[in-house]
Amino acid sequence: MEEKARGTQVRSWREKVNFNTVAALFLLIFSVAAYLLIPYQIEKPRMVFGRALMNLDPSLFPRLSIIGLFLLSLWYLTHSFKIQEKNLFRELGKRGLIRVLFTFFVFLGYALLFEPLGFVLASALMVLILTVYFGNRNIFLILAVTVGAPLIVYYLFTKALQVSLPEGLFF
């Protein structure tokens, strides 16, 4: 009662829960599920003469990433209750929703084409589609990013980190 009289308002837990809280909870649940599914989603390294072809365990980077996501989600959850801002997702509009859905379906296609086409070709195709869709019309920049980014990542992982990526038509 005294707090209301002084001008500060006590918020119930229902008033504290907002979009950020829901997103943080979703990310927490997703990170736990992903961490538990990692052993079933990553192939064991190829063996030659009883030795693995890679020095690192293939599940190391996914596990580190998921642990990082979990820790950031916990931090996000603890801070989400303090956020007092207007939820603008309701005012997103049709164009924004179409962009979000298009991006989601491009990433879904990327995930489905990743294994048959290989990392380089699937990544180049995804980058090309998203770059053109979001308005880049500079041909030189499109080609540089579409070809350069996947090749740099591919060689960084396969040569420097000695982690195999799915090989497709070209690599």
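The values are calculated or read from the model by the stated rules, or taken from the named source; none is laboratory data. Worth saying up front: this structure is predicted, and the values here are computed from it rather than measured. Cβ sites come from the backbone with ideal geometry, for glycine too, and all protein chains shown count toward neighbours.
Hey, among the residues in region 131-151 that are small (G, A, S) and over 22 Å from V100 (Cβ atoms), which one's farthest from the chain's Cα centre (by Cα)?
Only one residue tops the list, namely A144.
Screening region 41-91 for residues that are modelled with pLDDT under 80 and part of a helix (DSSP H, G or I) and picking the one that is nearest to L156 (Cα to Cα) gives Q41.
Within region 72-94, residues that are assigned by TED's automatic domain parsing to the domain that holds A23 have Cβ atoms under 7 Å from residues that are assigned to a helix (DSSP H, G or I) and at pLDDT below 70 in these pairs: F81/K16, counting only partners at least 6 apart in sequence or on another chain. One residue stands out among those in region 160-171 that are among the small types (G, A, S) and free of Cβ contacts under 8 Å to residues at least 60 places away in the same chain: the one that is farthest from L130 (Cα to Cα), which is A160. Taking first residues from region 138-159 that are part of a helix (DSSP H, G or I) and partners that are exposed (fewer than 14 other Cβ atoms within 10 Å of the Cβ) and modelled with pLDDT of 90 or more, the Cβ contacts under 9 Å between residues at least 6 apart in sequence or on separate chains come to I142/V132.
Of the residues L28, L37, the single one that is modelled with pLDDT of 85 or more, of a type in the set (A, V, I, L, M, F, W, C) and under 26 Å from L156 (Cα atoms) is L37.
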